[in-house]
Amino acid sequence: MSQNENQPQDPQKPPVSGDAQAGAQYVAPKESATSPSPKADNEAPPKPEPEPMREIITPSNKEVIVVAEQVQGQVQTVTLELLGAGRDLANKLGGKLSCILLGHNVREAAQKLIQYGAECVYVADHPELENYRTLPFRRVITDLLQTFELPPHILLLGSTTTGRDLAPRIAAFFKTGLTADCTELDIGPYEHTNKADPDKLGLYPGCLYAIRPSFGESLKARILGPWNNPQMATTRPGVMVPLQPDTNRTGEIREIPVNLKPEDFRLEIAEIVREAQSAVNLDEADVIVAGGFGVGGPEGFELLKQLADCFENGVIGASRKVVDAGWIPYQYQIGQTGKTVRPKVYIACGISGAIQHKVGMHKASLIIAINKDADAPIFQVAHHGIVGDVTQVVPELIRQLKAGQQSGNKVPPQEKSLV
Ligand SMILES: Cc1cc2nc3c(=O)[nH]c(=O)nc-3n(C[C@H](O)[C@H](O)[C@H](O)COP(=O)(O)OP(=O)(O)OC[C@H]3O[C@@H](n4cnc5c(N)ncnc54)[C@H](O)[C@@H]3O)c2cc1C
């Protein structure tokens with residue numbers, strides 16, 4: 001179910017009796033404390049006190065678990081970010097933060113996860129897990145979680161190619177909810193008042209609030225799945241903030257069994273090609289010069305590259321429309337179905353500013369837009385706008401930047417200067 005994030009929440013929680021971890025707890029509504037009194041003349045009858053909602057706690061061990069991603073033993077940044085978000089959720093729940101790590105020769109990676117906040121790392125180290133495959137990974141994770149006396153409260157994965165593939169398999173196995181592409185995560189109560197579900201009426205404390213933009217970002221939806229645990233969500237790389245690593249943090253590393261079945265090997269990996277991905281580093285760029293359909297064709301990106309090269313650590317990016325047109329590879333795409341970026345400077349060239357593009361770049365410190373249409377939506381998020389033709393404005397920018405670099409120094413990116 002989803003709620004508007006801006007809806008006020010009822011802060012009143014009825015008391016819980018019994019052990020919150022021992023299973024679903026149903027607290028009967030309290031008897032009204034108001035005793036009937038003789039009615040005075042002209043006095044309205046006292047209003048009955050509203051009955052407190054029964055509190056329902058779905059069974060869980062309060063654990064928050066992050067499914068780690070590693071490539072050749074290197075923990076992926078999205079995992080460290082998820083540990084940062086998971087730490088906050090675990091603190092709010094009063095539970096522990098754990099990680100599941102699958103791979104081969106990954107014990108060093110397990111130590112890194114502890115440095116970034118995991119209290120316990122479940123490690124499945126096996127040659128067949130060296131490279132990601134859906135069915136073996138799904139098998140090991142669901143086998144592990146089935147050994148738990150009570151399910152973990154929350155399971156988090158990255159909105160990466162791997163996470164998007166694996167998360168629905170796990171959610172379907174446990175018949176639990178999954179919210180993809182969250183931008184915020186939180187913990188709070190949920191009051192279910194829909195009489196169509198009489199068995200479910202009640203107040204559910206400690207729910208995962210999986211928050212993400214919806215309906216073209218006109219609504220920030222808070223999506224909840226209080227009926228079953230683990231409550232699951234994926235978040236995109238670059239959205240959550242990792243903790244500072246601390247080599248003094250200690251944690252437990254638990255080896256877990258790997259019992260793969262022949263039917264888990266229906267897919268065979270023929271070849272792994274990594275070079276194309278590593279050539280584009282939008283995540284760490286200080287300046288991104290992004291091109292849209294308005295640059296006119298693949299050759300337009302040559303010009304944008306020259307502009308990007310005027311800056312230290314400048315790279316080019318793109319809108320989806322030009323990626324779909326085959327002008328530039330997918331790795332450059334910024335937006336809802338591409339990368340989320342936060343550079344110091346973002347120069348949008350010939351990009352209209354569709355909502356799906358803006359969600360991926362609106363957190364840049366300084367946004368400069370060049371568009372020949374003065375009413376283009378990109379100007380709504382731009383700190384500086386230039387109404388003009390990219391084929392004229394960009395060469396002029398390059399000329400002026402180069403003229404300014406008398407000694408050959410590149411322009412250091414400036415921090416935000418709102419106008
Ligand atoms: C589910 C879904 C997911 C999507 N995900 C993404 C995503 O991740 N990223 C993304 O970018 N889009 C995404 N889109 C597509 C998005 O809706 C837009 O279609 C796309 O962003 C438009 O790209 P554009 O701005 O380059 O092209 P256009 O919308 O065609 O805009 C071109 C702009 O260039 C300007 N222009 C034209 N010629 C010139 C010139 N010579 N000089 C200056 N300006 C000029 C025009 O005025 C116009 O504003 C998604 C769509 C859907 C439905």
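The values are calculated or read from the model by the stated rules, or taken from the named source; none is laboratory data. No experiment lies behind these values; they were computed from the predicted model shown. Cβ sites come from the backbone with ideal geometry, for glycine too, and all protein chains shown count toward neighbours.
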- Message: Please go through region 46-73 and give me each residue that is among the small types (Gly, Ala, Ser) and on the phi > 0 side of the Ramachandran plot, ordered by number.
- Response: GLY73
- Residues that are within 30 Å of TYR204 (Cβ to Cβ): find the helices (runs of 4 or more DSSP H) completely inside region 51-147 holding 2 or more of those. 77-93, 134-146
- Could you identify the single residue in LEU203, LEU166, LEU135 that is in contact with an Asp or Glu (Cβ under 6 Å, 6 or more places away or on another chain) and under 30 Å from PHE265 (Cβ atoms)? LEU135
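Which members of region 304-337 meet the condition of being near the ligand (Cβ under 7 Å from one of its atoms) and surrounded by 22 or more Cβ atoms within 10 Å (Cβ to Cβ)? Break it down stepwise before answering.
Of region 304-337, the ones near the ligand (Cβ under 7 Å from one of its atoms) are 319-322, 333-337.
SER319, VAL322, GLN333, ILE334, GLY335 - these are the residues of region 304-337 that are near the ligand (Cβ under 7 Å from one of its atoms) and surrounded by 22 or more Cβ atoms within 10 Å (Cβ to Cβ).
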- Being under 17 Å from the mean Cα position of the chain (by Cα) and at negative phi is the filter here, so list the residues in region 231-256 that pass it. GLN231, MET232, ALA233, THR234, THR235, ARG236, PRO237, VAL239, MET240, VAL241, PRO242, LEU243
- Taking interchain pairs and intrachain pairs at least six residues apart, which have beta carbon atoms under 7 angstrom, with the first residue in region 305-327 and farther than 14 Å from ALA348 by Cα and the second among the polar types (S, T, N, Q) and within 14 Å of the ligand (Cβ to nearest atom)? VAL323/GLN333
- (1) touching a strand residue (DSSP E or B) at 6+ places or on another chain (Cβ under 7 Å); (2) modelled with pLDDT of 95 or more all hold for ILE328 apart from (2)
- Does region 301-321 contain any residue that is within 27 Å of GLN72 (Cβ to Cβ), of a type in the set (Ser, Thr, Tyr) and either not assigned by TED's automatic domain parsing to the domain that holds VAL390 or not in a strand (DSSP E or B) (or both)? no
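Any idea which of HIS383, HIS362 is at pLDDT below 95, over 29 Å from GLN70 (Cβ atoms) and not polar (S, T, N, Q)?
On the way: HIS383 fails: at pLDDT below 95.
It is HIS362.
Table: residues versus (1) among the hydrophobic types (A, V, I, L, M, F, W, C); (2) surrounded by fewer than 20 Cβ atoms within 10 Å (Cβ to Cβ); (3) closer than 19 Å to ARG249 by Cβ; (4) modelled with pLDDT of 95 or more.
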| residue | (1), (2), (3), (4) |
| --- | --- |
| PRO46 | no, yes, no, no |
| LEU89 | yes, no, yes, yes |
| LEU93 | yes, yes, no, yes |
| SER98 | no, no, yes, yes |
| GLY117 | no, no, yes, yes |
| VAL140 | yes, no, no, yes |
| LEU155 | yes, no, no, yes |
- Scan of region 349-401 for residues that are over 25 Å from the mean Cα position of the chain (by Cα), β-branched (Val, Ile, Thr), within 12 Å of the ligand (Cβ to nearest atom) and assigned to a helix (DSSP H, G or I), ordered by number: VAL390, THR391, VAL393, VAL394
- Task: Could you please find all residues in region 193-230 being β-branched (Val, Ile, Thr) and over 21 Å from PRO151 (Cα atoms)?
- Result: THR193, ILE211
- Would you mind telling me which numbered condition in (1) free of Cβ contacts under 8 Å to residues at least 40 places away in the same chain; (2) in contact with a Leu (Cβ under 9 Å, 6 or more places away or on another chain); (3) polar (S, T, N, Q) THR147 fails? (2)
